[in-house]
Structure formats: C-alpha cells, structure tokens
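What follows is calculated from the coordinates using simple rules that are stated; it is not laboratory data. Here the structure is a predicted model, which means the values were calculated and not measured. Counting neighbours? That spans all protein chains shown, and the Cβs are built from the backbone with ideal geometry, glycine included.
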Amino acid sequence: MPLRSREALEKKIKAARAAYEEWRRTPLEERMRQVKKGLERFLATAEEVARDVTLQMGKPIREARREVQTFRERAEYTIGIAERSLAPTFCPPRKAFISGSSTFLWGRPQHCRMELPALIPVNVIVPALLAGNTVLLKHSAKTRWSESTWRGPLESSTRPTSSRASS
C-alpha cells in the first residue's frame, strides 16, 4: 500500500471499510474458496517470491524456497481448520454465570492494522480474511517487493466485487 499522501491513505482506508462491509457478510465457504484461489495465484509466483526473499533478505535460495513452502502449508492448514475454528461456541450454564443462562461466543469480523515483513503475514492475513476481516498491509520500505507479492494474488481473489472498481 504505497503512501503518497494523507489523502491517498484516507482513500485506502475508506475503500477497506467499504470492502469490509461486504466481505464480512460473505459466507465462510465462499471466503475459503476465494482465499484458496488467492493462494494458488501466490504460489504460481513461488520461484519469483523465493528469489526476491534471497535478494532482499540475503537468505540462501534453498531456504527461501522452503519459506514459500512453509507459507503454503500454513495457509492450507488455516483454511482447513476455518469452519471448526470460526464456528459459534456454546458455553453451558455454570454457577459463576447468571442462573439458567447460556452463552454463545461468536467470532466477529474486526478491522485490524499490522506491520509485518516478508512472508510472516500469512500467519495473520489468511485467518483474518477467513474470519471476514479486511486487511491493510504496509510493508517496510526495505521489502517493498512484499507488497506486490501479496497484493496481486490475494486482493484480486478476496476483494468484494463492488469495491474493486473504487480503487
């Protein structure tokens, strides 16, 4: 997310809020399908990503390739546990609660902000998208390639149709 001006940032935030309103109402099965599609697009550039990790971070290419593989494994695992993890949780009545009452815990989409380098965001972005959240990702100026690596595949797959035209 390049920050050329405060106005550009405000526009991005406004677009993210609008996308959030639609994305959070998207059924989980559809969010999972779209995140998988984004993952496939990301992995289609796996060798380029590994090369960029090597060039920008000095990591040997073999290790960079393994990092991309780990990225895939983490994303697939997160998608695989999404239905169970995001299901409402029933808490039966307890003495500590009001007599006769029961509690349900529902995962609610939230706006979030984070600043993370390279491939680490998979640990947060994929679960956030599956939960119905929107994410604004700003990489360090030292790893600018990371932004385009993430932006293309995931944004085009997970961004609600109505908000794609507005940016």
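General remarks:
- Neighbourhood net charge (14 Å Cβ-Cβ; Lys/Arg +1, Asp/Glu -1) for Ile61: 0
- Reciprocal of mean inverse Cα separation for the range 1-68 (Kirkwood radius, Å): 14.8 Å
- For chymotrypsin sites (Phe, Trp or Tyr not before Pro), no site in the range 1-71 is both called loop by DSSP and has at most 12 other Cβ atoms within 10 Å.
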